């Protein structure tokens, strides 16, 4: 079997290339049904329905964003209402400064809700994906350069309880995997 | 049941088959090579010429701003009662242009308009650069720019606190939020393509910078899952945001008591106008870029056609708003309001008003005809009219409303000075210089999204033609 990376170092896992998005979809279904847990499929673009084929649940990023949005709304409410109505009311043209002026605070409440939600969406997505990171063992594999062009890959990590060089290899072959490679860390 | 539904669904899909989004059956590798190579080949001569001109023009703008700051706002033609003129006109003009980028990236994404994929990247870049140009004007028009921090609610010992009930402060929050969210949205969209550039990088410098910028993206489905959710949420957030930003910009006017500004139609009218002007600017920069880089298979004539239709639609909404303003001025029975509108059309600024009507309402009507939507030169000419027309619109709203207010003794004309003119002309240099740098350093078409709309990107592709029966059986077994 081909190897990538430094064979003296820790084994990351076993990977194979498949020819198309369709093949990747079916490969994912098979790996899922074989009961693997620590594995992933790699593609140049998100493939429709792949979460189902891999047996993944919906991303819970939306829950984080909801918290971010509520935080923004709270900050805006306090920032505006407390100084403008209680601590330091600005009387302009003799108009009131009481609680019933709250509609004037809506635009900034909205803006800060959106702002903090957007920050949470971007940075929360990166955090859930474990990014940014300097390197990853799979980048030791030269074939993998194609993942951002037209390559489709399946990789099963060595830490998976079902990982076994023989049976995993057989399974990757059965889904039509080419260039089956053992990938090591640095 | 499900199978019967799928079959009728497929039959229906067959009947309404659309023109391909990428023509000539280009494979994925072609798309990667073609888009990424625009950043990899050494810069062509035309690029250096264009960049030199734009950058020089940008320097003119910077010089004018330095002169303004070192001398004072008196170097502009502002007077009493025209206290806002080209500065705010230019601000609204540029911020409006930005809105088309967000519309393409967010609203068309939520409505599943797949044709947006080949134009969204450049349109979003245009948004950012337009907002950069827009931001200059309110910042420098405050006069003493070293006190610009007064805009922000910073606790201080000077007893200065912002009036949060003022639309001008809403504007500060709206525009800065808009810029920040646009940057986040743009960068999120760029990450997978930066990974493409990283993987193709040949020299050390590119490997280093694209490697850092791609943040270690691997393209695993466990990453795509969160990524797609983040993108969906950002699109969902940007959609109301873009509508709110220009509504808030219009509140700067609508909440005042100046005749011609104090109207409730302003928010939707400004939003439609922003999208209208923005699409014209997208086409103005995309048509030359497409021609120069030979991207006709990605940005097809169908794309141009669709954008022309949006210009026609929003242009007609704007035309309706112009008419409705007049109607309400008459119907409202307020003599100051009535005078303001009669003065717009027949007063000393009649030429600006009628230029606006011609450019924004009359010229886009050509797009009713397929011939004009499909003819690149005509499209370009109409877009230039719209660009000019949208500037005139803001000029008309701001200057004609201010120059004759309630008290005839304070009436005055506005004349721009050379500083007014060159600061504005120079912002085109800033905008174009940034755009030229963008097309050299970043993929101007969203590579991964274009691949995702190819027929072979669909995991069920190929079943229909070759082995429908087994595929159906597999599907049945899997569910």
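At q = 0.11, 0.12, 0.16 Å⁻¹, work out log10 I(q)/I(0) for chain A with the Debye formula, treating every Cα as an identical point scatterer and leaving solvent out; two decimals please.
Those come out to -0.62, -0.68, -0.99, one per q.
Relative to the present Cα-Cα distance, how much length would full extension add between residue B:461 and residue B:317 at 0.36 nm per residue of separation?
The span from residue B:461 to residue B:317 would gain 47.8 nm if fully extended.
Over all residues in B:173-179, what is the mean tally of Cβ atoms on other chains that come within 10 Å of each residue's Cβ?
4
Count, for each residue of B:24-33, the Cβ atoms from other chains sitting within 10 Å of its Cβ, then give me the mean as a whole number.
For this peptide, the per-residue mean of nearby foreign Cβ atoms is 2.
Under a crude label model (7 Å from the Cα following the beta-carbon direction), how far is residue A:3 from residue B:413 in nanometres?
Computed distance between label sites residue A:3 and residue B:413 equals 8.7 nm.
Decide, for region A:61-128, between rounded, prolate and oblate: order the square roots of the alpha carbon gyration tensor eigenvalues as a ≥ b ≥ c, take rounded if a/c falls under 1.5, and otherwise choose prolate if a/b is larger than b/c, else oblate.
prolate
Add -39500 (n - 2.57) for each DSSP H run of 4 or more in chain B, then divide by its residues: what number comes out at 222 nm, to the nearest 500 deg cm²/dmol?
-22500 deg cm²/dmol
If R0 is 41 Å, what FRET efficiency do you get for residue A:30 and residue B:292 from their C-beta distance, rounded to 0.05?
After rounding, the FRET efficiency stands at 0.30.
Between region B:228-268 and region A:61-109, what is the C-alpha centre distance in whole Å?
After rounding, the separation between the Cα centres reads 18 Å.
Using only Cα atoms, tell me the angle between helix B:221-254 and the longest principal axis of chain B; keep it within 0 to 90° and round to the nearest 10.
That helix lies at roughly 20 degrees to the long axis.
Using a 10 Å cut-off on Cβ atoms, rank the peptides A:29-41, A:76-88 from the highest mean neighbour count down.
Final packing ranking: A:29-41, A:76-88.
If you take the Cα Rg of chain B and divide it by 2.2 N^0.38 Å, with N the number of residues, what do you get?
1.08
Tell me the label-point distance for the pair residue B:345, residue B:377, using the 7 Å Cα-to-Cβ offset, in nm and rounded to one decimal.
Once both label points are built, they end up 3.6 nm from each other.
How far is helix B:468-478 tilted, in degrees, relative to the longest principal axis of the Cα atoms in chain B, given as a value from 0 to 90 rounded to the nearest 10?
Long axis of B:468-478 versus the principal axis of chain B: about 80 degrees.
Would you mind ranking A:48, B:246, B:99, B:226 so that the residue whose beta carbon has the fewest other beta carbons within 10 Å leads the list?
A:48, B:226, B:246, B:99
Quick one: if the Förster radius is 45 Å, what FRET efficiency do residue B:324 and residue A:66 give, using the C-beta to C-beta distance and rounding to 0.05?
0.70
Roughly how crowded by other chains is peptide A:32-40, in terms of the mean Cβ count from those chains within 10 Å of each of its Cβ atoms?
If you average over the peptide's residues, the count of other-chain Cβ atoms is 1.
Could you work out how far the C-alpha centroid of region A:128-186 sits from that of region B:36-94, in angstrom?
Their Cα centres are 50 Å away from one another.
Taking Cα centroids, how far is region A:21-49 from region B:427-456 in Å?
What the calculation gives is 30 Å, centre to centre.
Hey, what D do you get for the protein assembly as shown in µm²/s if you plug the Kirkwood alpha-carbon radius into Stokes-Einstein at 20 °C and 1.002 mPa s?
The estimated diffusion coefficient comes to 78 µm²/s.
State the Kirkwood hydrodynamic radius of region B:284-421 in Å, one decimal place, computed from all pairs of distinct Cα atoms.
By the Kirkwood definition, the hydrodynamic radius is 17.0 Å.
Using a 10 Å cut-off on Cβ atoms, rank the peptides B:52-58, B:250-256 from the highest mean neighbour count down.
B:250-256, B:52-58
Find the relative contact order for region B:17-151 and round it to a whole percent, using C-alpha pairs within less than 8 Å whose residues are 6+ positions apart.
Relative contact order comes out at 26 percent.
What ranking, highest mean first, results for peptides A:179-185, B:156-162 when packing means the other Cβ atoms within 10 Å averaged over each residue?
Top to bottom by mean Cβ count within 10 Å: A:179-185, B:156-162.
For the pair residue B:334 and residue B:368, what calculated FRET efficiency results from E = 1/(1 + (r/R0)^6), where r is the Cβ-Cβ distance and R0 = 45 Å, to the nearest 0.05?
The calculated FRET efficiency here is 0.80.
Every number in this text was worked out from the coordinates using simple rules, so none of it is lab data. Everything quoted here is computed from the prediction, not taken from an experiment. For neighbour counting, all protein chains shown are included, and Cβ atoms are generated from backbone atoms with ideal geometry for every residue, glycine included.
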